[in-house]
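Step one of this worksheet: look at the structure below.
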């Protein structure tokens, strides 16, 4: 279960999480889901292709949702997992309506999530060799780099 909590809805999100835990218990599940509520200073940032080569500043506890526009991207993860930890494997997102069902287009976006866990610097990198069916990438669009500084 993914909770997207903002400052103004923190109480209602906690109530929803507790209700979900109650339902699991009532249903006879042997494990009870635990939910944590993010403090009002934690944020989630969505980062896309346009952030290539940029630096962003985060606080411990902040999250990054990296969305790259092509399923040809291979995300290498974080250069410093003790500073910025990848929380899940990279996943394909739903096919956009603008992406025809033609093999080899590479127009399905991918998402990778990260969590700021310590102070310091980490670099998120991704690479690709193809930019569409039978199209090699140039050196300008074959590498993605995002510098993340956490304080």
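When 132, 118 are checked against the criterion of being in a loop (DSSP other than H, G, I, E, B) and either modelled with pLDDT of 95 or more or under 22 Å from residue 56 (Cβ atoms) (or both), a single residue qualifies: 118.
Among the residues of region 89-103, which ones are in a loop (DSSP other than H, G, I, E, B) and touching a strand residue (DSSP E or B) at 6+ places or on another chain (Cβ under 6 Å)?
Pass one, region 89-103, residues in a loop (DSSP other than H, G, I, E, B): 89-90, 93-103.
Scanning region 89-103 gives 90, 93.
Hey, any hits in region 96-103 for a residue that's surrounded by 13 or more Cβ atoms within 10 Å (Cβ to Cβ) and under 15 Å from the mean Cα position of the chain (by Cα)?
No, because not a single residue in region 96-103 is surrounded by 13 or more Cβ atoms within 10 Å (Cβ to Cβ) and under 15 Å from the mean Cα position of the chain (by Cα).
Scanning region 68-88 for residues that are in contact with a helix residue (DSSP H, G or I) (Cβ under 8 Å, 6 or more places away or on another chain) and in a strand (DSSP E or B) turns up just one, 68.
The values are calculated or read from the model by the stated rules, or taken from the named source; none is laboratory data. Bear in mind that the values here come from a model prediction, so they are computed numbers and not experimental data. Because the Cβ atoms are built from the backbone with ideal geometry, glycine has one as well, and the counts that use them run over all protein chains shown.
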